[in-house]
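Quick notes on the structure that follows.
The values are calculated or read from the model by the stated rules, or taken from the named source; none is laboratory data. Given the structure is predicted, the values throughout are model-derived calculations rather than measurements. Neighbour counts run over all protein chains shown; Cβ positions are idealised from the backbone, glycine included. Ligands, DNA and RNA are excluded from the accessible area calculation, which covers all protein heavy atoms including side chains. Shrake-Rupley method; radii C 1.70, N 1.55, O 1.52, S 1.80 Å.
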Amino acid sequence: MSSLTLAARNSSTMLRRNLLHARRYPSLTLNLLLTPIMLLLLFVYVFGDTMSAGMGGGADRSAYIAYLVPGLLLMTIGSTTVGTAVSVSNDMTEGIVARFGTMPIHRGSVLAGHVVGSVLQSVASVVLVGAVAAAIRFRSTDATALEWLAAFGLLALFATALTWVAVGMGLVSPNAEAAGNNALPLIFLPLISSTFVPIDAMPGWFQPVAEYQPFTPAVETLRGLLLGTEIGANGWLAPAWCLALCALGYFWSRSVFDGGRK
């Protein structure tokens, strides 16, 4: 059996293992998924009318629903990948990875299984949050089929990038609790991006914090694709951030995993 065939077969096995774990222990994923759903319902039904009026949409909250949903979809990805950091840390601290090391399996398949499984869970979570958004009247009537495809590609790329970063956080964490805490920026950063309010509505001293981070370009690009708003430089900044984070997370994870620093 060639090395490539062995890696593919072992990665598939590890993927099935991680998906089975997610199915048997869904509480972590569900708890993390509830955060963006509750924020969506809170901001729409408690603050929606006021926020829509402030954005020039009158008293109809539909304007704010349209503005809010793209950012919440990306926040959903960040929330889901926190579970990845916890899962990786559990594997490293409970000895299963050391046991895998005594078996004739491709070493990189352990991380590959976590990454692919997390991306699939992120996509499923985005679909669920999108269904909730559609149920409360989010509509994207102006997006073409190509724009929908580009939006899906951006979500998948963003999920892959954050997953690799979360894997690195899980590898360097001494336990599952620390992994969850280390991954909190993946939930916190969307809160200080353009997800909830436009950047120009923020205090001047705070605007650079919201603008120069990975979530804001991704939010603005996704918003432009789904709603037809201007994308501008965000069209290349978003994938550039994704590729940079993906490379950083990958090489960081492989360095720690192969170096056996746990």
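When the chain is treated as a Gaussian network with alpha carbon springs shorter than 10 Å, the biggest mean-square fluctuation among 112, 201, 134 belongs to 201. Within the full protein context, the accessible area of residue 258 is estimated at about 80 Å² for a probe radius of 1.4 Å.
Shown for the stretch 3-259 is the translational diffusion coefficient from the Stokes-Einstein equation, using the Kirkwood radius over Cα pairs, a temperature of 10 °C and a viscosity of 1.306 mPa s: 84 µm²/s.
Expressed per residue, the C-alpha convex hull volume of the stretch 31-182 stands at 118 Å³. In the elastic network of the chain, a GNM with C-alpha springs shorter than 10 Å, the most mobile of 12, 125, 87 is 12.
The local environment of residue 232, defined by Cβ-Cβ distances under 13 Å, has a net charge of -2 under the rule Lys, Arg +1 and Asp, Glu -1. Per residue, the chain exposes 47 Å² of accessible surface when a 1.4 Å probe is rolled over the protein heavy atoms with every protein chain present. Summed over qualifying helices (DSSP H, 4 residues or more, each -39500 (n - 2.57)) and divided by its residue number, the chain shows a 222 nm mean residue ellipticity of -25000 deg cm²/dmol.
Only Cα pairs under 8 Å and 6+ residues apart enter the sum, and on that basis the relative contact order of the chain stands at 25 percent. Ordering 210-223, 173-186 by mean Cβ neighbour count within 10 Å, with the highest value first, yields 210-223, 173-186.
Give me the percent of accessible area attributable to carbon and sulfur for the chain, probe 1.4 angstrom. Intermediate values should be presented prior to the final figure.
Values: 8280 of 12430 Å².
For the chain, the apolar C and S fraction of the accessible surface comes to 67 percent.
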